[in-house]
1. What's the extension gain from Glu293 to Ala106 if we count 0.36 nm per residue and subtract their Cα-Cα distance?
2. For Leu243 and Arg311 in one chain, what is 0.36 nm times their gap in residues minus the Cα-Cα distance, to one decimal in nm?
3. List every residue whose amide H lies under 5 Å from the amide H of Tyr46, counting only residues 5 or more places away in sequence or on a different chain, with H placed 1.01 Å from N in the peptide plane.
4. Compute the signed sum of charges (Lys and Arg +1, Asp and Glu -1) over the other residues within less than 10 Å, Cβ to Cβ, of Tyr198.
5. Quote the FRET efficiency, to the nearest 0.05, computed for Lys173 versus Lys222 with a Förster distance R0 of 22 Å and r equal to the Cβ-Cβ distance.
6. How much accessible surface area, in Å² rounded to 10, belongs to the heavy atoms of Ser82 with a 1.4 Å probe?
7. Taking the 0 to 90 degree range and rounding to the nearest ten, how far is the long axis of helix 234-243 tilted relative to the main principal axis of the chain, both from C-alpha atoms?
8. Which semi-axes, in whole Å and largest first, does the equivalent ellipsoid of the chain have when worked out from the alpha carbon gyration tensor as the square roots of 5 times its eigenvalues?
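The values are calculated or read from the model by the stated rules, or taken from the named source; none is laboratory data. Remember, it's a predicted structure, so these values are computed and weren't measured experimentally. Every residue, glycine among them, receives a Cβ derived from its backbone with ideal geometry; neighbour counts consider all protein chains shown. For the accessible areas, the whole protein counts, side chains as well, though only heavy atoms, and no ligand, DNA or RNA atoms are used. Shrake-Rupley method; radii C 1.70, N 1.55, O 1.52, S 1.80 Å.
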Amino acid sequence: MTKTWTETDLLVELEPVVEGELNRHTGIAKEWFPHEYVPWSEGRNYDGLLNGERWQESDSRVSEVARSALIVNVLTEDNLPSYHHEIALLFGREGAWGDWVHRWTAEEGRHGIAMRDYLLVTRAVDPVALERFRMEHMGAGYVSAHSEDMLCSLAYVSFQELATRVSHRNTGKFTQDPLCDQLLTRIAADENLHMIFYRNLLNAALQLAPDQTMQAINDVVKTFAMPGTGIPGFQRKAVEMALAGIYDVRQHRDEVVAPVLRFWGVFDIEGLSADGERARTELADFMEGLEKEALRFEDKRATLQARRAARS
């Protein structure tokens with residue numbers, strides 16, 4: 001008979017894995033400083049109390065689509081207090097779990113600091129609009145769809161951290177701004193380490209509770225949504241990013257979901273219960289559907305690009 005693990009049992013059983021992964025993480029994570037990526041000498045006062053120059057679109061050296069992507073990325077990072085609250089409640093603030101919660105929060109906070117300073121100093125985005133977006137986004141808070149389920153939460157962040165890495169990395173390239181690219185590459189490297197931590201932790205859970213974990217993976221993959229979906233105008237910005245190749249359904253399937261599933265070996269695990277097998281079958285079917293969706297999107301994008309080329 002397959003054992004059903006409680007949240008408490010899993011927290012206790014996985015704590016040595018958390019400690020090992022945290023030690024590995026701190027051993028390879030590189031120290032870096034946000035101020036070194038900001039061209040402070042380019043800065044000048046904005047309008048308002050300091051009677052500077054009001055922001056105008058010509059100030060920005062990146063395209064409109066790049067600005068949309070940068071806004072999505074920095075506002076996603078800004079909601080860190082809500083994310084910290086989520087994982088602190090789920091994992092606790094004691095022992096190895098708590099040590100990881102605080103370490104992760106500190107590293108993620110550095111991302112928002114660096115990106116915001118860079119965007120404001122270089123006048124890449126409208127600071128008034130950015131602050132209004134931030135207030136609206138953070139004012140709504142963030143509650144994960146899996147906030148009360150540990151296995152689903154671990155599965156979610158395994159995919160989400162990798163998705164964030166891909167988005168940051170591609171945004172940096174798309175800006176065609178060498179320093180912005182360098183900054184986002186640095187941030188993406190952190191996100192990759194976070195993904196590895198969670199991915200390895202869920203892999204350990206998969207060995208302990210394969211049926212429960214398989215069901216969690218299936219639920220998360222089928223309902224996955226980025227934490228920035230509450231950003232004002234997110235859907236329009238997401239479409240712009242997809243059409244530009246910054247983050248689209250193909251990248252989501254092939255560069256985010258598939259590699260993590262392959263690492264976990266979800267389609268090779270033996271001895272699953274009927275519930276576990278059912279979840280795996282649903283997962284396989286969903287991945288096939290995601291492939292078809294990716295092909296449809298690529299066809300539509302190619303058609304749109306051809307029409308734009310013909311008009312120009």
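1. Extra length available between Glu293 and Ala106 comes to 63.6 nm.
2. Full-extension gain reported as 22.7 nm.
3. Long-range HN contacts for Tyr46: Gly52, Glu53.
4. Around Tyr198, the charge tally is -1.
5. Rounded to the nearest 0.05, the efficiency is 0.15.
6. Roughly 30 Å² of Ser82 is accessible to a 1.4 Å probe.
7. 90 degrees
8. They are 36, 25, 16 Å, listed largest first.
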